[in-house]
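Visitor: The structure that follows is given in the form of structure tokens.
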Amino acid sequence: MQKKITALILIAGLGLFGLYTALQSDNTADIEKSDVPDFAAISDVNTKKTAFFNYLQPAFDVVTAEVLAERALLTTWQSKVTLTTDEQTQLQAMADMYKVTADTDQQVIATLLVQVDVIPEELVFSQSANETGWGTSRFAKEGHNFFGQWCFSKGCGIVPNQRDQGAVHEVASFDSIEASVRSYFRNINRNQSYLPLRDIRSELRSHDESINACALAAGLINYSERKSAYIDEIRAMIRHNRKFWRNNTSTDYALCAAPEPVITEIVTEEAIELPEVITLTDDAAVVETDVEAENTNAATVENTDTSIIPVDSAHTTLVEAKKSDSTKVELSDIIGNVENDAVTPEKPVKMAIAE
């Protein structure tokens, strides 16, 4: 009997321990998954921005260091006539990652050097703030997705609540902010949609100029359905938040400057004095104003049939010639035609913004 009681106590104890372990593991998972700060709870704007940028900074620095290390390898290999077997293996792995194919090792290296390059923090952080509402979006909090990236296999991420009927994309989910930043870098550096950005960056490199975030923003024309309006918005964010950037004293923000307002000069024309008698054509009516008439409130209209029509000088009247084939045009008809000439806005094209 004592043995049975001991066994039951042992089983119960193991059960409780297992339950405690499970609860502990669940709590740990929750803590790991909810490491994104509650940015929405920060009411002060500058404090919120500082917290947001500080949260992104370590992951950005890690990924940037990785890209620079890859670029250093490529530069070293570019100076060699032939690569060792290990170097060729490394090069092929890098080429596969960035989806690069070419006939020779040197061609692969040259292509990769255009793609494997840095992205300024001003651009990265501004896009992240724009895509997540300063880290308050559901996708940022639940899936560490700070750049609005999509994925296209079922269960790869979070299904948007307002996804179009028939659409299959999901918003990608990541285990950490570092993984999200790394995916963003690779997306910008290898997706064909952002070839314009890479061309701008390569052009700056070829002239030994710094990688300007304002210049690179122009290459994001395919990142959003809003096209140029999105670029303007990102540039405005870079400009408005310049005090937060670490290299704000050396960055050229000229391309991010707000456009100058268009000033339209209004020219007042002098009033045109009409003659007392206006002759239109041989078969048209002749309008004559008798300024010397004793009845100063009246004028006369003389037509080809010599009939006289009184005209009130305080009103405007449309007078038609008395011809059998003439057609009277009502002013109200003209206005109606203009008002009914509705313009239907072009329907935006829904397109993927990431791989």
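The values are calculated or read from the model by the stated rules, or taken from the named source; none is laboratory data. Keep in mind it's a predicted model, so treat the numbers as computed, not measured. Note that we place each Cβ from the backbone using ideal geometry, even for glycine, and neighbour counts take in every protein chain shown. We work out accessible area using only protein heavy atoms, side chains counted, and drop any ligands, DNA or RNA first. Shrake-Rupley method; radii C 1.70, N 1.55, O 1.52, S 1.80 Å.
Visitor: Is it the case, given these coordinates, that Lys4 is more than 30 Å from Leu91 (Cα to Cα) and at pLDDT 50 or above?
Guide: no
Visitor: Related question: State whether the residues of segment 121-134 include one that is among the polar types (S, T, N, Q) and not in a helix (DSSP H, G or I).
Guide: no
Visitor: May I ask you to say which residue of Pro196, Pro160 is of a type outside the set (Val, Ile, Thr) and at pLDDT below 95?
Guide: Pro160
Visitor: Can you say whether Gly133 is in contact with a helix residue (DSSP H, G or I) (Cβ under 9 Å, 6 or more places away or on another chain) and either buried (at least 19 other Cβ atoms within 10 Å of the Cβ) or under 23 Å from Thr64 (Cβ atoms) (or both), as far as the supplied structure shows?
Guide: no
Visitor: Quick check, is Leu216 free of Cβ contacts under 8 Å to residues at least 24 places away in the same chain and in contact with a helix residue (DSSP H, G or I) (Cβ under 9 Å, 6 or more places away or on another chain)?
Guide: no
Visitor: Hey, can you tell me all the residues within segment 238-255 that are open to solvent by less than 40 Å² (accessible area, probe 1.4 Å) and farther than 22 Å from Phe185 by Cα?
Guide: Tyr253
Visitor: Condition (residue is among the hydroxyl-bearing types (Ser, Thr, Tyr) and within 19 Å of the chain's Cα centre (by Cα)) applied to segment 209-221: is it met by at least one residue?
Guide: No, segment 209-221 has no match at all.
Visitor: Okay, moving on. Does Arg235 qualify as being in contact with a helix residue (DSSP H, G or I) (Cβ under 9 Å, 6 or more places away or on another chain), open to solvent by 50 Å² or more (accessible area, probe 1.4 Å) and at pLDDT 85 or above?
Guide: The answer is no for Arg235.
Visitor: Further, regarding this structure: Report, ordered by the first and then the second residue, all pairs with beta carbons closer than 6 Å, sequence separation of six or more or different chains, a first member in segment 150-164 that is closer than 15 Å to Phe174 by Cβ, and a second member that is hydrophobic (A, V, I, L, M, F, W, C) and open to solvent by less than 100 Å² (accessible area, probe 1.4 Å).
Guide: Close Cβ pairs (under 6 Å, with a partner that is hydrophobic (A, V, I, L, M, F, W, C) and open to solvent by less than 100 Å² (accessible area, probe 1.4 Å)) amount to Trp150/Ala352; Trp150/Ala354; Cys151/Ala172; Gly157/Cys151; Gly157/Val171; Gly157/Ala172; Ile158/Phe139; Ile158/Val171.
Visitor: Which ones in segment 142-172 are over 21 Å from the mean Cα position of the chain (by Cα) and crowded, with 19+ Cβ neighbours inside 10 Å?
Guide: Once the filter is applied, which keeps residues that are over 21 Å from the mean Cα position of the chain (by Cα) and crowded, with 19+ Cβ neighbours inside 10 Å, segment 142-172 yields Gly143, Gly157.
Visitor: Still on this model: Find all pairs meeting these conditions: Cβ atoms under 6 angstrom apart; at least six residues apart or on different chains; first residue within segment 128-145 and free of Cβ contacts under 8 Å to residues at least 60 places away in the same chain; second residue aliphatic (A, V, I, L, M) and open to solvent by less than 50 Å² (accessible area, probe 1.4 Å).
Guide: Thr132/Ala140; Phe139/Ile158; Phe139/Val171; Gly143/Ile158; Asn145/Val171; Asn145/Ala172
Visitor: Further question: Just the residues that are open to solvent by less than 70 Å² (accessible area, probe 1.4 Å) and part of a helix (DSSP H, G or I), please, taken from segment 205-227.
Guide: If the condition is that a residue be open to solvent by less than 70 Å² (accessible area, probe 1.4 Å) and part of a helix (DSSP H, G or I), then Ala213, Cys214, Ala215, Leu216, Ala217, Ala218, Gly219, Leu220 are the ones that fit.
Condition check ((1) modelled with pLDDT of 95 or more; (2) over 32 Å from the mean Cα position of the chain (by Cα); (3) of a type outside the set (D, E, K, R)) across all residues:
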site	(1), (2), (3)
Ser79	yes, yes, yes
Thr85	yes, yes, yes
Met94	yes, no, yes
Val114	yes, no, yes
Leu123	yes, no, yes
Asn130	yes, no, yes
Gly135	yes, no, yes
Arg138	no, no, no
